[in-house]
Structures are given as C-alpha cells and as structure tokens.
Amino acid sequence: MAYTKYSLTPANNTAAPPDGAPEGMLPSAVNDTMRDMMAQIRDCGDGVRDGTYTMTAPKITGGSITGVTFSSSAATITGGTITGITDLAVADGGTGASTAANARTNLLAVGFTATTGSAIIPNGTTGERDGSPAAGYFRYNSTVGKFEGYNGTAWGSVGGGATGAGGDEVFVENSRTVTTSYTLSTNKNAVSVGAITINAGATVTVPSGARWVVL
C-alpha cells in the first residue's frame, strides 16, 4: 500500500506533490495531493475491510479476529480471541499447528488424554525404534506388546513383572524364541525357561563372568 510513503510526523510530509505538501507549493498541486490522499485512504480501507493487509511488524491488542490467515513471523497478539485460523505458530520458533495435539507432535511433547487420564507415549514396531537412541528413551513396542526403555547400550523391557488372573502376581513369562541378537547387560546374569530356540542369524552374547541359565 502506497500510503506508507507518508510520514507519521506531519511536518515531514514535504515531498514534491502529490507525495507531499511542501511549503509554497502551487495551488494547482493542492488538488493532485488531495486526490492522492483520497486514493490512499480508499486503498487502506479496502485492505482492512476485505482485502489483503500486509504488515511488517503487526501488533494487535484486544478485540477479536475471525477467519484470518497470519503469514507474518513477527505478529504479536495480545488479549482477545482468534477463531478460524488454520495455521497458528505458538511460542518462539512456532509449532506450525493450530490444535493442541498437532502442536505437541511438532514440539515432540508427551500428550495426555485428560489431566486424570493417561499419558500418550510413542509406540511402534521393533523396526521403528530410533536409529540413534540415547539413554532414557521410552516407548511402547507393538511387536512384542511391551513397554521398553534404552539404557545407553540396549533396549530392554520396562515393568511387566509377575502376572496372573484376578490380580495375582505368580507367573513370570518369557518368549521361547530369540529372533534378534542380544548381549547381556554389563555385570548382569539372566535366566530363561526353555526350551529356547535361537533363530538363524541371531546370537546371544554372554560376557565373561556372566551367566545365562536356561531352566
């Protein structure tokens, strides 16, 4: 919008007509200047009412905005309400999301079903594990149907202890087939109830001084 050529300080609008009104300008230039101002006012009004309004560093305080698409990365909105937005950045850097669920996904944040409900943690197959995990990573493994965590060296099951019917905790269950190579954790022993089958291509490594007992 060309109205930006005008200064907010009246005394500074001294450019040659019709872009300004210098002292001593010819009477014939007054009409040109007024007509230019009329056109700029109309252009500004059309943009605010139903057109595209481009702001360099917009700041909107209070009130409500309906059906607006913000494309500026420097928009500051204080108070009021915003509806009809399809893409709203949240916080520095933004999330590129207008719903809480999508914002959490883009921020890699843990979601929840309700304040007294359940946490929503990442889940996927064994093959979908992080390529370069770090100690403390936690997920649900849909291949084996168990929660698992990464200790800095290997993935391992989390929880799941003894189970049983009616709240009993009598049975500790283990699979009978090793499908993926595994190395016992440092300074740890292991016990399994067999028979145990180790698939072709898979290995079980028992470090020196450790024991793996198959009952």
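The values are calculated or read from the model by the stated rules, or taken from the named source; none is laboratory data. Every value quoted in this text rests on a predicted model; they were computed, and no experiment measured them. No Cβ is skipped: glycine too gets one built from the backbone with ideal geometry, and neighbour counts run over all protein chains shown.
Check whether at least one residue in segment 197-205 is loosely packed, with under 10 Cβ neighbours inside 10 Å and under 21 Å from residue 143 (Cα atoms), and report yes or no.
Yes, segment 197-205 contains a residue that is loosely packed, with under 10 Cβ neighbours inside 10 Å and under 21 Å from residue 143 (Cα atoms).
Going by what's in this entry, would residue 127 be described as part of a loop (DSSP other than H, G, I, E, B) and within 27 Å of the chain's Cα centre (by Cα)?
Criteria not met by residue 127.
Quick check on my filter: what residues within segment 13-36 are within 50 Å of the chain's Cα centre (by Cα) and among the acidic types (Asp, Glu)?
Selection gives 19, 36.
Restricting to segment 88-124, what's the tally of residues that are at pLDDT below 80 and assigned to a loop (DSSP other than H, G, I, E, B)?
Result for segment 88-124: 16.
Of all residues in segment 160-193 being part of a loop (DSSP other than H, G, I, E, B), small (Gly, Ala, Ser) and farther than 21 Å from residue 143 by Cα, which is farthest from the chain's Cα centre (by Cα)?
Within segment 160-193, the match that is farthest from the chain's Cα centre (by Cα) is 164.
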